[in-house]
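Q: Mind having a look at this structure? Questions to follow.
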Amino acid sequence: MRITVVKETGNFLEIKEAWHTLCDDPEYSSSAFASFEWYETWWRHYSAGATLHMITMWDSDKLVAIAPLMLRRVTIHGLPLTALCFMENNQSLNNDFIVAPAARELFFHELLRHLSAQTAHWDVIIFRNIPDTSLNCGALVKALDGNGQKWLKSPTWFDSPYLVPAGSWADFLASRTTRTRKSLRNIRNGLLKSGDVSVANIRTWEEFFLVKDEVFDVARQSWAENSGDSMASPANEAFFNDLANVFAQKGWLSLWTLRLNGKLVAIEFHLKAYAKEHAMRSHYLPEFASLSPGTYLEMQIIKNAFEETEKVRVYDFCGSFENYKKKWTDTFVAHDDILIFNDRLYSRLVRFHEAVAVPLLRQLFPKNFWNSRLFRICGINTDRMKGCSNE
């Protein structure tokens, strides 16, 4: 086994086929977010100011593990630092290592050995939003403890809900509460009474190209635009346009549209690969909010997932477990942040800040005090009032 570090974009592109082979291995439960296409598209659009530091492990000429990492300046609770972290941002709804099962234990041993030799380049390692069900997470924790590393683990808001489409749509609907069934029935009837309703599933780039101006216009008018993070926001539109193009070529694009009397009123942007469907983004026109077009469209999409059980094993709602998702499922995957520190003075200061100072402030002050300007300046999350740690 040998470890290599990919630091140039050109070298990143050279391992494309080897990456495909690793993800397509039936022993590895892959997803669209683990694919070469995802990381290559992400890097082109969001890597400004970052340095590529992708760590790979090879068994002869076979790629068996990837840590998709980069070096970037970040701020943690008000402290500026250089972090070695996943290639990710708030578009990245599933972060993990990409590791063949047989190589897992050795890979994390070698990964930590490499990182420990690179402490001059990083203050903190941040593995953000790792699903706590991931076998990689367990192997990483085991390796950290065995290596005597100083580290912290804390929960994130990514309690990502999912469902496993099994049985019939009718049986699934019957398993929902009476209140939910009544609400869905009223939404369906209200929308159908308002005019001609049509739902379409767009899978090719040619189809997407024909409607993309309408799609981005809906996103631009949605509530998410107010926060600057819709599909059509300046930082995101080119990314989602290219993502649709690249993933359509793989057969992984799944854009859902809802039209009322010919007008596009709601959309959902999905990625569908390796028998998993990921609901990345949804937008609707606020002027039609009283008709709940987003809920109606979501109902049609989930119904389709049940009718295609051979193609969809897991339906991933992505993101956090908002109330509107609870009508569909009771199951979710919790996610954690793992921070790793070195023995340099500043890294030790950051560790004290995260392990002692921030938890102490959370205990000392009542929740209604946490909206103060001081805490916002310090970057301390005022909603998450507790966390867990290990070292």
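The values are calculated or read from the model by the stated rules, or taken from the named source; none is laboratory data. Small disclaimer: the values here were computed from a predicted structure and weren't measured. A quick note on method: Cβ atoms are made from the backbone with ideal geometry, for glycine too, and the neighbour counts reach across all protein chains shown. When the accessible area is computed, the model is the full protein with side chains, heavy atoms only, and any ligands, DNA or RNA have been set aside. Shrake-Rupley method; radii C 1.70, N 1.55, O 1.52, S 1.80 Å.
Q: List the relative contact order of the chain as a percent without decimals, with contacts defined as Cα pairs under 8 Å and 6+ residues apart.
A: On the way: 654 pairs, mean separation 83.4, N = 391.
Dividing the mean separation by the residue count of the chain yields 21 percent.
Q: Let me ask something additional. Over the chain, average the accessible area per residue using a 1.4 Å probe and give it in Å², no decimals.
A: Details: 18280 Å² over 391 residues.
Ligands and nucleic acids excluded, the figure is 47 Å² per residue.
Q: Additional query: Work the Kirkwood hydrodynamic radius out for segment 149-299: mean of 1/r over every pair of different alpha-carbon atoms, inverted, in Å.
A: Working: mean 1/r = 0.0584 Å⁻¹.
Taking the inverse mean of 1/r over all distinct Cα pairs, segment 149-299 comes out at 17.1 Å.
Q: Once the dipole of the chain is set up with Lys and Arg at +1 and Asp and Glu at -1 on Cβ about the Cα centre, which of Gly195, Thr257, Cys85 lies farthest towards its positive end?
A: Result: Gly195.
Q: Leaving out ligands, DNA and RNA, and with a 1.4 Å probe, what % of the accessible surface on the chain is carbon or sulfur?
A: On the way: 9360 of 18280 Å².
Within the chain, the accessible surface is 51 percent carbon and sulfur.
Q: Here's something else I'd like to know. Where Rh denotes the Kirkwood radius from the mean inverse Cα pair distance, what is Rg over Rh for the chain? Let's see the in-between values first.
A: Values: Rg = 22.2 Å, Rh = 22.7 Å.
Dividing the radius of gyration by the Kirkwood radius yields 0.98.
Q: Defining a contact as two alpha carbons under 8 Å apart and six or more residues distant in sequence, what relative contact order in percent does segment 1-131 show? Spell out each step's value before the answer.
A: Numbers: 195 pairs, mean separation 32.9, N = 131.
Relative contact order here is 25 percent.
Q: So what are the radius of gyration and Dmax for the Cα set of segment 298-344, in Å?
A: That works out to 16.6, 56 Å for Rg and Dmax.
Q: Let me ask something else. Let me know the Rg and Dmax you get for segment 164-231 when you use only its Cα atoms, in Å.
A: Radius of gyration, then largest Cα-Cα span, for segment 164-231: 16.7, 42 Å.
Q: Moving on to the next point. Rank these residues by their accessible area, most exposed first, probe 1.4 Å: Ser31, Ser194, Ser290. Please list the in-between numbers first.
A: On the way: Ser31 20, Ser194 50, Ser290 110 Å².
Ranked list, largest accessible area first: Ser290, Ser194, Ser31.
Q: So for segment 128-247, averaging the separation of alpha carbon pairs under 8 Å that are six or more residues apart and normalising by length, what relative contact order in percent results?
A: 11 percent
Q: Another question, then. Could you please tell me the mean projected area of the C-alpha convex hull for segment 247-338, averaged over all directions and given in square nanometres to one decimal?
A: On the way: hull surface 31.0 nm².
For segment 247-338, averaging the hull's shadow over all directions gives 7.8 nm².
Q: Here's another thing I want to ask about it. Quick one: Cα convex hull volume of segment 33-137, Å³ per residue? Before the final figure, lay out each step's value.
A: On the way: hull volume 12.2 nm³, N = 105.
With only Cα atoms used, segment 33-137 gives 116 Å³ per residue.
Q: Can you quote the Å³ per residue value for the convex hull of the Cα atoms in segment 110-192, rounded to an integer?
A: On the way: hull volume 15.4 nm³, N = 83.
Spelled out: Cα convex hull of segment 110-192, divided by residues, is 186 Å³.
Q: Here's a follow-up. Applying 1/(1 + (r/R0)^6) with R0 = 51 Å to the Cβ-Cβ distance of Trp58 and Lys193, what FRET efficiency is obtained, to the nearest 0.05? Mind dumping the intermediate values first?
A: Values: r = 61 Å, r/R0 = 1.20.
For R0 = 51 Å, the calculated efficiency reads 0.25.
Q: I've got another one for you. Can you tell me the 0 to 90 degree angle between the C-alpha axis of helix 237-250 and the longest principal axis of the chain, rounded to 10?
A: Between helix and principal axis, roughly 80 degrees.
Q: Which distance in nm do the two modelled labels at Met1 and Leu13 give, with both placed 7 Å along the Cα-to-Cβ direction?
A: Computed distance between label sites Met1 and Leu13 equals 3.1 nm.
Q: Taking 1 over the mean of 1/r across every pair of different Cα atoms in segment 113-158, what Kirkwood radius in Å do you get? Intermediate results must be reported in sequence, preceding the final value.
A: Values: mean 1/r = 0.0832 Å⁻¹.
By the Kirkwood definition, the hydrodynamic radius is 12.0 Å.
Q: Now, a different point. Given a cut-off of 31 Å, name the pairs among Lys150/Lys325; Lys7/Lys325; Lys153/Lys311; Lys16/Lys276; Lys7/Lys62 whose C-alpha atoms lie farther apart than that in the structure shown.
A: Working: Lys150/Lys325 37 Å; Lys7/Lys325 40 Å; Lys153/Lys311 35 Å; Lys16/Lys276 22 Å; Lys7/Lys62 19 Å.
Long pairs (Cα-Cα over 31 Å): Lys150/Lys325; Lys7/Lys325; Lys153/Lys311.
Q: Using a cut-off of 12 Å between beta-carbons, work out the net charge of the residues near Ala170 (Lys and Arg +1, Asp and Glu -1, Ala170 not included).
A: On the way: positive: Arg176, Arg181, Lys303; negative: Asp171, Glu307.
Net charge around Ala170: +1.
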